[in-house]
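Have a look at the structure below, then the notes.
Readers should treat all values here as calculations from the given coordinates under stated rules, not as data from a laboratory. Keep in mind it's a predicted model, so treat the numbers as computed, not measured. Positions of Cβ are backbone-derived with ideal geometry, glycine not excepted, and every protein chain shown enters the neighbour counts.
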Amino acid sequence: MVRTKDEIKAYLENRMTLGEDTLRAMTMDNNKRPLPTRAVFLVIDKYIRDFFDGSSEPRWIAIPGLRGVGKTTLAAQLYMKVKCAKYHKIYLSLDEASRSLGTSVKELLDVYEEMLGTPFEKLEEPVFIFLDEVQYDNSWGLTLKTIYDRAKKVFIICTGSSALSIQTNPDIARRVVMTKIYPLSFTEYQLIKDRKYPTKGLGSSIREALFNSKTGEEAYLKLELFKDQVEAYWKGIKDSDVDSYLKYGTLPNAVALRHEPLIYSQINQTLNSVLNRDVPQLNTFDKQTIDKLSQILYVVASYDTTSFNTISRNLGLDFKTVGSIFDALEKTELLIRVYPYGPHESQARKASKFLFTSPAFRAMYYNLVGSTATYDEYKGKLFEDMIGLYLHRIFSKSQDTNITYDSAQGGADFIVGARVPGLDGSIVIEASLGEKKYGQIYKTLQKTKSRYGFVVAPVDLKMSENKQCFAVPLKYFLLI
């Protein structure tokens, strides 16, 4: 149905009045206190303040990320922080607008420009455009590029559930600043749940020691210096908080809920939205294939590695289709692919590991689909997802870093090939919920000629006898 300008104008006016009350409510907790902001908020808020102060760039920020990680809340917090003249800021959900009006973002912004009473290019005061879930409009990139090029006083913030579809859009290349938002770290989880603030600089110091040291001994000695600060942060935190974080605490929407069945039902709804709405945006799979996506993810949740051949054979899908499915699931940020260590030909022959970007999705499969496995039996898989998430947060932006795993029997869980200036060799990482296990690290160290290795486990900080590797307490790792 074609909408008239009057209908679109009425919709926009409603969004700028009643819609603002909704956004305000989204930024408050049950006690009407403002929700804590994450680190990414401070980064974008600085861009906005610089724009108010006359800075010409950046003025177009894209916030990609997995559905359910808090993009909409972040955008709402930024919207409420901006103080400007009436009508000089607008927040639109393109998902809602497409369902309510069936109109394009171009038509919406053309009417909004008329409401301002001044063409975008002639504005003298800043205007802020917030667009949530831009992937629901195929022309969003070209529309925003046109406004960006002609209007120096317009600041644009847009979010999308597919990072790669935003990053590869040819209409926004070289213009937009990408600020990806990830599932919650443990310190962000504690901040949202209990308003427990992280120790300033501690996480980055631990991270620097773990990944930028010349030797394992150097890393270990650096970590020893942080013992008192680490213990001070963990005072009052219960072991059950770590379990809750592993099971569902990486997703902000689950933090406020109290009953696990309700939590996993909510996570399942989010997953269904990814599979039925986001995936079709990335690839034109038929309905029969879409209906099999959840079965595929159940297989991923159950095994350490994923064979495309096995899935193709068991589910009656073409091998190339299976590859396209996993490509789409990566693009939605639902899965992280970890290739086997080795040359490209070897990587192509061997199975990859697919980790869930949020362990909560794997936990959901173990709690909602009739699995008889106990938490103790699948906790190790959630633990590996969590470490994969942390490594992905740290290294995904680096073009000079790759994360692989040792596919040999008894090989290590992760090999971080970080090329730090002045340093050679990779770092080997093993995840363990029991005692420290150096054997797998030693084996992979010899194969890869890595600098050093470490095992992440709920143990004390300790150096190995040969000083090639060390045990990193989970209490340290969760703070990076």
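Observations
- Inter-site label distance for Asp243 and Lys320 at 7 Å from Cα along Cβ, in nm: 4.9 nm
- Viscosity 0.890 mPa s, temperature 25 °C, Stokes-Einstein D of the stretch 188-477 from Kirkwood C-alpha radius, µm²/s: 121 µm²/s
- With at most 14 neighbouring Cβ atoms within 10 Å, loop GluC sites (Glu not before Pro) (DSSP) excluded, longest segment of the chain: 125-434
- Length available on full extension from Ser56 to Asn138: 0.36 nm per residue minus the Cα-Cα distance, which gives 26.8 nm.
- Computed from label points 7 Å out along Cα-Cβ, the spacing between Ile290 and Met115 is 3.1 nm.
- Restriction of the trypsin sites (Lys or Arg not before Pro) in the stretch 2-85 to DSSP coil positions whose beta-carbon has at most 13 other beta-carbons within 10 angstrom yields Lys32, Lys83.
- Built amide H within the under 5 Å cut-off of Thr357, gap 5+: Leu335, Ile336
- Percent antiparallel among DSSP beta bridges (both partners in the stretch 5-181, rounded to 5): 5 percent
- Potential lengthening between Arg349 and Lys214 on full extension [0.36 nm per residue; Cα-Cα distance subtracted]: 45.3 nm
- Placing R0 at 60 angstrom, the Cβ-Cβ distance between Lys235 and Lys9 gives a FRET efficiency of 0.60 after rounding to 0.05.
- Cβ-Cβ FRET estimate between Leu257 and Asp400, R0 fixed at 41 Å, reported to 0.05: 0.55
- What the Cβ-Cβ distance of Tyr87 and Asp29 gives, at R0 = 30 Å and to the nearest 0.05, is a FRET efficiency of 0.55.
- For the stretch 349-466, DSSP calls about 50 percent of its internal beta bridges antiparallel.
- In the stretch 1-112, Rg over Rh equals 0.98, where Rg is the alpha-carbon radius of gyration and Rh the Kirkwood radius from pairwise Cα distances.
- Calculated mean residue ellipticity at 222 nm for the chain: -14000 deg cm²/dmol, from DSSP H runs with n ≥ 4 weighted as -39500 (n - 2.57), summed, divided by the residue count and rounded to 500.
- Legend: residue pairs Lys86/Lys193; Lys180/Lys353; Lys89/Lys180; Lys32/Lys71; Lys292/Lys350, Cα-Cα distance threshold 31 Å; pairs beyond threshold, Lys86/Lys193.
- Label-zone membership for the stretch 36-57, site Ser204, 7 angstrom Cα→C-beta point, backbone N under 14 Å: 39-40, 42-43
- Rel. contact order, % - alpha carbon contacts under 8 angstrom, at least six apart, the stretch 5-181: 31 percent
- Degrees, to the nearest 10: 359-368 long Cα axis against longest axis of the chain: 90 degrees
- Separation of the stretch 2-61 from the stretch 359-375 is 36 Å, based on Cα centroids.
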